[in-house]
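Participant: There's a structure below that I have some questions on.
The values are calculated or read from the model by the stated rules, or taken from the named source; none is laboratory data. Being a predicted model, the structure only gives us computed values, none of them experimental. Methodologically, a virtual Cβ is constructed for each residue, glycine included, from the backbone with ideal geometry; neighbour enumeration extends over all protein chains shown. What goes into the accessible areas is simple: the full protein's heavy atoms, side chains included, and nothing from ligands, DNA or RNA. Shrake-Rupley method; radii C 1.70, N 1.55, O 1.52, S 1.80 Å.
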Amino acid sequence: METIIGIDLGTTNSEVAILKEGKPELIEVDGETIMPSCVAMGPDNTLLVGRAARNQMVAAPEATVLSVKRKMGTTTQIPLGEKTFTPEEISALILSRLKKAAQDHLGAPVSKAVITVPAYFDDVQRKATQNAGILAGMEIVRIINEPTAAAVAYDAGLEKDQVILVYDLGGGTFDASLVVVEKGVVEVKASHGDTHLGGDDFDQLLMKHVNQQ
């Protein structure tokens, strides 16, 4: 059976995981279970993704891209070195790095993935996320709301009807969702949040300070 990887394409950090004997297993990228959602152009005009990109953030802020998730679904052109990229193309670079880590871990090719997105993402943003996955060489089997994924992980059996309030304090966003479980079906009834409030928005403040110097 072909393995389908699960990806959390986050504003600040991203993760990739697989199900192993019915339990989720995070896959390490560069020795860590979380990878910065960061892309940069290196000094020799090579693209850097993840921790290597974040490490050069202070030295070369103009050649570093952060928080591209906030631009998904827009027509924004993102300059990076002598080239410009769309948000989907930047996200595809992040997804490609996660895909490679999964392939190295499994010792086999990976061609399918499930990606989580915020419950407030509209159809355009979801389509952009799917396009990024396709650009990364994967079939996106499903786009799942982040609070739905959290509810499933919280009670994988979903044997009883219940109402769950999911708080998602991410690196760059914060939202709360009311999730209802009825007869094994998980449904997000309401979701609201702040797309510019998160635990790691310090990066944005730092970049702004550096650019002002």
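Participant: Taking loop as defined by DSSP and a crowding limit of 14 other beta carbons within 10 Å, which GluC sites (Glu not before Pro) in the stretch 87-181 fit?
Facilitator: Of the GluC sites (Glu not before Pro), the ones in loops of the stretch 87-181 whose Cβ has at most 14 other Cβ atoms within 10 Å are E159.
Participant: Going through the stretch 86-160, which trypsin sites (Lys or Arg not before Pro) have at most 11 other Cβ atoms within 10 Å and a DSSP loop state?
Facilitator: The qualifying sites are K160.
Participant: Report the extension gain between I144 and T3 in nm, rounded to one decimal, defined as 0.36 nm multiplied by the number of residues separating them, less their alpha carbon distance.
Facilitator: Working it through step by step, the gained length comes to 49.0 nm.
Participant: Something else about it: Determine which lysines satisfy two conditions relative to K183: a Cα distance under 26 Å, and not lying fewer than 8 residues away in the same chain.
Facilitator: Within the straight-line cut-off, K183 pairs with K20, K23, K160.
Participant: How high is the FRET efficiency from K189 to L26, r the C-beta distance, R0 22 Å, rounded to 0.05?
Facilitator: FRET efficiency, K189 to L26: 0.15.
Participant: For K183, what charge total do you get from the other residues with a beta carbon under 12 Å from its beta carbon, if Lys and Arg give +1 and Asp and Glu give -1?
Facilitator: -3
Participant: Taking the alpha-carbon distance from K83 and a cut-off under 26 Å, which lysines remain once sequence neighbours fewer than 8 residues away in the same chain are dropped?
Facilitator: Answer for K83, where 26 Å is the Cα cut-off: K69, K71, K99, K100, K127, K208, listed by chain and number.
Participant: Here's another thing I want to ask about it. Rank these by accessible area, largest first, 1.4 Å probe: L135, L197, L106. The partial results should precede the final answer.
Facilitator: Working: L135 105, L197 85, L106 60 Å².
Of L135, L197, L106, the descending order of accessible area is L135, L197, L106.
Participant: Would you mind getting me the FRET efficiency between Q77 and V163? Use the beta-carbon distance for r and R0 = 41 Å, nearest 0.05. Walk me through the intermediate numbers first.
Facilitator: Working: r = 43 Å, r/R0 = 1.05.
Here the calculated transfer efficiency is 0.40.
Participant: Report, to the nearest 10°, how far helix 123-135 tilts away from the longest principal axis of the Cα atoms in the chain, using its own Cα long axis and a range of 0 to 90°.
Facilitator: 70 degrees
Participant: In addition: Specify which residue in the list A132, H105, L26 is farthest towards the positive end of the charge dipole of the chain, using unit charges on the beta carbon of Lys, Arg (+1) and Asp, Glu (-1), about the Cα centre.
Facilitator: In the chain, that residue is A132.
Participant: A further question follows. Just the number: Rg to Rh for the chain, Cα atoms, Kirkwood Rh, two decimals. Kindly include the intermediate steps, with their values, before the conclusion.
Facilitator: On the way: Rg = 17.5 Å, Rh = 17.9 Å.
Reported Rg/Rh, Kirkwood definition of Rh: 0.97.
Participant: Of all the accessible heavy-atom surface of the chain, with the other protein chains kept in place and a 1.4 Å probe, what percent is carbon and sulfur?
Facilitator: On the way: 6170 of 11540 Å².
Of all accessible area on the chain, carbon and sulfur atoms account for 53 percent.
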